[in-house]
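Structure, as structure tokens:
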Amino acid sequence: MGLKQIDYGTAAYKQMVDLRRKVLREPLGLTFSPEELENEKNDLLIAAFEDEDIIGCCILSPKDTLSIRLRQMAVSNSHQGTGIGASIMAFAENLARDKGFTKMIMHARDTAIGFYEKFGYSVNGDVFTEVNLPHHIMEKELL
């Protein structure tokens, strides 16, 4: 497995969108709007590859000069539980630090809170609904 930053609009990006659609949106009966995808062109796009196939990904969206938001974390169903998510988290945190960010935030599905807590993230605030599911804001200082 290899990890790298990919570019918006490339063949790898299209694979990434397909993976996110399958893992994150289709189970909820949702898809992506063209506007949602257009807004990703200035984000940091991270993908985990097995040969030429994307098997995991996430997006980092700068919020301000010090904070960056992790979004759209997904691992293919056949690769979940194999450590790919942990590798993506480490890569994302290192990339964020390298870019000068000191805080990572996210809107975590309640079902994923335990996963993110393993990496030192803490819940901040009350539950809210996003994509028809309960979420919490989680954050971590990147030291």
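The numbers here are math on the coordinates, done by the rules we state, and not lab data. Computed from a predicted structure; not experimentally measured. Using ideal geometry, Cβ is built from the backbone for each residue, glycine included, and neighbour counts are taken over all protein chains shown.
Kindly check whether there is at least one residue in segment 111-133 that is assigned to a loop (DSSP other than H, G, I, E, B), surrounded by 13 or more Cβ atoms within 10 Å (Cβ to Cβ) and in contact with a Gly (Cβ under 8 Å, 6 or more places away or on another chain).
Keep residues of segment 111-133 that are assigned to a loop (DSSP other than H, G, I, E, B), which gives 118-121, 124-127, 131-132.
Filter once more, keeping what is surrounded by 13 or more Cβ atoms within 10 Å (Cβ to Cβ): 119-121.
Filter once more, so that each one left must be in contact with a Gly (Cβ under 8 Å, 6 or more places away or on another chain): none.
So far as segment 111-133 goes, no, none of its residues is assigned to a loop (DSSP other than H, G, I, E, B), surrounded by 13 or more Cβ atoms within 10 Å (Cβ to Cβ) and in contact with a Gly (Cβ under 8 Å, 6 or more places away or on another chain).
Between 138, 106, 89, which is in contact with a Phe, Trp or Tyr (Cβ under 6 Å, 6 or more places away or on another chain) and closer than 18 Å to residue 64 by Cβ?
Numbers: 106 fails: in contact with a Phe, Trp or Tyr (Cβ under 6 Å, 6 or more places away or on another chain); 89 fails: closer than 18 Å to residue 64 by Cβ.
Going through 138, 106, 89 in turn, the sole match is 138.
Suppose we filter 55, 59 for residues that are in contact (Cβ under 8 Å) with a residue 24 or more places away in the chain and of a type outside the set (Lys, Arg); which single one remains?
It is 55.
Residue by residue through segment 1-35, note down the ones that are surrounded by fewer than 13 Cβ atoms within 10 Å (Cβ to Cβ), under 13 Å from residue 131 (Cα atoms) and not hydroxyl-bearing (Ser, Thr, Tyr).
26, 27, 28, 29, 30, listed by residue number.
What number of residues within segment 92-110 satisfy the criterion of being closer than 19 Å to residue 23 by Cβ and out of contact with any Leu (no Cβ under 8 Å at 6 or more places or on another chain)? Reasoning before the result, please.
Just the residues of segment 92-110 that are closer than 19 Å to residue 23 by Cβ, to begin with: 92, 106-110.
Now restrict to residues that are out of contact with any Leu (no Cβ under 8 Å at 6 or more places or on another chain): 107-108.
Summing the residues that are closer than 19 Å to residue 23 by Cβ and out of contact with any Leu (no Cβ under 8 Å at 6 or more places or on another chain) in segment 92-110 gives 2.
From the list 55, 68, which one is in a strand (DSSP E or B) and within 15 Å of residue 101 (Cα to Cα)?
Working: 55 fails: within 15 Å of residue 101 (Cα to Cα).
The conditions single out 68.
What single numbered condition from (1) under 18 Å from residue 121 (Cα atoms); (2) in a strand (DSSP E or B) fails to hold for residue 101?
Here residue 101 meets the rest and fails (2).
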